[in-house]
Amino acid sequence: MSAIDNPDLEVDILRDVGALAARLPEWAERAVVGTAYFAVPAALTAVVLLAWLAVRRHPDAPQAVAAVAWSALAAVVAFLVNIPIRGFVARPRPFEDHPDAVTVLTGGHGTPTGYSFVSDHASVAMAVAVGLFLVHRGLGAAACGLALVQGFTQVLMGVHYPTDVIGGFALGTAVALLLAPLAMAVLTPLARRCGRSRRLRRLVVARPGADEGADGGSPEPAGRSGERDGAEHPVAKQRGLAA
């Protein structure tokens, strides 16, 4: 498929952002690249781990842990789904089509190759963020902020168009939301089984009585536990996911 036609507005944005990038000193360029490729992925990983530690205290811990696990798996699924999309759209990188408007920041890591639409980094980051928001709104909001930073750095480095980033956000959101019921149907029984295992129990529950739901008991209503622990439960009406 031929490359997406670029509206004048998008090229104007590239030119403005490129002018900003051109004024950055070398240390700032390295900081931007390091943020995009290392700091944001590391921070997202830390947020997922924090969510896992938090939800293990829930009375319905197996279901909550399954939702956190889905937030990580959703990133992998979004990356895989994007592979055929990139090949089908075949959009060149902005520095290839508009070298006069784009300043490429590499930070010594080399210029990216491959097609531009959609941004892998944006789709993966947003998939994690939306997946976490389903189970823990506070940490999910923090992850959304990190995803926005990730998207901006991709444009600032000159490796993606703004619409590449927007498309990545849409793809990550769609994967995390639309596949969540199927994922939870598979992951929740696995988490409950781990909760009954002496060796694996600590992966799912953090304290005695937290896995009542795993043993067939009735878990505490989501709203009450969410108020006590400060985290949302992965229970949505008729779906088993948190709002």
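A few notes on this one:
- Only one of the numbered conditions (1) within 21 Å of Thr35 (Cβ to Cβ); (2) out of contact with any Cys (no Cβ under 8 Å at 6 or more places or on another chain); (3) crowded, with 24+ Cβ neighbours inside 10 Å is not met by Phe152, and that is (3).
- Annotation: Trp27 fulfils all but one of (1) in a helix (DSSP H, G or I); (2) under 21 Å from Leu148 (Cβ atoms); the unmet one is (2).
- Verdict on Ala74 being at pLDDT 95 or above, closer than 19 Å to Val33 by Cα and part of a helix (DSSP H, G or I): no
The values are calculated or read from the model by the stated rules, or taken from the named source; none is laboratory data. Small disclaimer: the values here were computed from a predicted structure and weren't measured. Cβ coordinates were reconstructed from backbone atoms using ideal geometry, including for glycine residues, and neighbour counts include every protein chain displayed.
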